[in-house]
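The values are calculated or read from the model by the stated rules, or taken from the named source; none is laboratory data. These numbers come from a predicted model, not from an experiment. Heads up, the Cβs are rebuilt from the backbone with ideal geometry, glycines too, and the neighbour counts pull from every protein chain shown. Heads up: the accessible areas ignore ligands, DNA and RNA and are worked out on the full protein's heavy atoms, side chains in. Shrake-Rupley method; radii C 1.70, N 1.55, O 1.52, S 1.80 Å.
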Amino acid sequence: MLSESFNIEAPNYLSKESAVLIYARQDAQCIDCFQASLPVHYRYHRPHRKDGDTLIVINNPDLLMYCDQEFPVLKCWGQSEVAAPCALKSEEMCRWKNMQYKSIRKNLTLQVPVGLTIHTSLVCSVTLLITILCSSLILVAVFKYGHFSL
C-alpha cells in the first residue's frame, strides 16, 4: 500500500522518496514466521560520464506490529505510536507499535546499470534511424495491402 500517489515511470531525478506499507502473511510452515515481498521498480537514471553503474541504497524498514486491546500478551497498546490502515484494503486507521529488531545487514545496496553520456549521439541516431525505417515499412504495408474507402 502506497502512502501517496506517484508516477512509477518518472525518472529518479524527478521523483521523490515515498513510504510503502507492506502487510505480511503468516508462513504456513512456521508458526512464528511471516512472509512479505517488496516489488522493486528501478527508475531511469541520468547517464554518467565515466562509470556505467549507480548505487541505490534501500534503508532497513520500520517493523510495525498491530496492538490489539484484546491481546494483552503484546502489552503494547499503551505504547502505540504509529497510525496506519488496519488492513491492506481498509480505510480504518489502527494504532501500531514500532518494534525494535536486529537486522542482518545495515542497508541493502543495489547496483543499477546506467547509460554513458558519450553514447548519447549514437543512441539518438540509431533510434531515429530505426524509427524512420519502421515507420516507412508500416506505410508501405498500409498502402500496399490496405483497403481504403471514402
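Please list, in order along the range 85-99, the HN-Hα scalar couplings obtained from phi with the Karplus expression 6.51 cos²θ - 1.76 cosθ + 1.60 (θ = phi - 60°), rounded to whole Hz, x for Gly and Pro.
x, 5, 9, 4, 10, 10, 9, 6, 8, 10, 9, 10, 9, 7, 8
Trypsin sites (Lys or Arg not before Pro) within the range 104-150: which are DSSP loop residues with at most 13 other Cβ atoms inside 10 Å?
Numbers: sites: 105, 106, 144; in loops: 105, 106.
Passing both the DSSP loop test and the Cβ count: 105, 106.
Given H placed 1.01 Å from N in the peptide plane, which residues other than close sequence neighbours of residue 114 have an amide H under 5 Å from its amide H?
53, 54
Normalising by the residue count of the chain, find the relative contact order in percent from Cα pairs under 8 Å and 6+ residues apart. If you can, show how the numbers build up before the last one.
Values: 161 pairs, mean separation 33.2, N = 150.
Relative contact order of the chain: 22 percent.
If you wrap a convex hull around the alpha carbons of the chain, what volume per residue comes out, as a whole number of Å³? All intermediate terms of the calculation are to be shown ahead of the outcome.
Working: hull volume 38.6 nm³, N = 150.
Taking only Cα atoms, the chain has a hull volume of 257 Å³ per residue.
Once you charge only the Cβ atoms, +1 for Lys and Arg and -1 for Asp and Glu, what is the size of the charge dipole of the chain about its Cα centre, to the nearest 20 debye?
580
Each label point is 7 Å from the Cα along the Cα-to-Cβ direction; what then is the distance between the points at residue 37 and residue 56, in nm?
A separation of 1.7 nm, rounded to one decimal place.
Considering only protein heavy atoms and a probe of 1.4 Å, how much of the accessible area of the chain is carbon and sulfur, as a whole percent?
On the way: 7800 of 13140 Å².
Reported share for carbon and sulfur atoms: 59 percent.
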